[in-house]
Amino acid sequence: MAISTDSVYSHKVFRETSPSLKNVYYPLVSDRTHSISKAYRVLDDKSGAAFRASIFIDPEQVIVSKLVYPREIGRNLYEHVRLLQAIQYARESGKGAPANWMPGTSGIASDPNAIGKI
């Protein structure tokens, strides 16, 4: 889902007029009270708007990743997909996903005795 501090009315207009939202089928949630933004610590108190944030929550309701971007920087959705794939890979294999890991490459053992030796 996408959550913003904009009203449901601005979401409606945005969805109707923005070509980039033409094929978006997930819910747009309005956080006019700022309760969600405050709870996830992404509210910019000065502007009253939330920072651009992507929060990944696992099936057990645990935050496994939180990315916060400056307002002037767009998100990299390819990195979001890679991050989700790495999280799933780590859960399924028991191995870590090293820097620049890509699906199909091997992970690394999560062995405390190997620290500093890889």
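The values are calculated or read from the model by the stated rules, or taken from the named source; none is laboratory data. In this text, all values refer to a predicted model and were calculated from it rather than measured experimentally. All Cβ positions, glycine included, derive from the backbone under ideal geometry; neighbour counts span all protein chains shown. Surface areas here come from the heavy atoms of the whole protein model, side chains and all, with no ligands, DNA or RNA. Shrake-Rupley method; radii C 1.70, N 1.55, O 1.52, S 1.80 Å.
Figures for the structure shown
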quantity: Condition check for Tyr78: open to solvent by 80 Å² or more (accessible area, probe 1.4 Å), hydroxyl-bearing (Ser, Thr, Tyr), out of contact with any Pro (no Cβ under 8 Å at 6 or more places or on another chain) and over 25 Å from Asn100 (Cβ atoms); calculated: no
quantity: Pro112, sole failed condition from (1) open to solvent by 80 Å² or more (accessible area, probe 1.4 Å); (2) more than 23 Å from Arg15 (Cβ to Cβ); (3) within 14 Å of the chain's Cα centre (by Cα); calculated: (3)
quantity: Residue in segment 23-66 that is surrounded by the fewest Cβ atoms within 10 Å (Cβ to Cβ), counting only those that are farther than 22 Å from Tyr9 by Cα and in contact with a helix residue (DSSP H, G or I) (Cβ under 8 Å, 6 or more places away or on another chain); calculated: Asp58
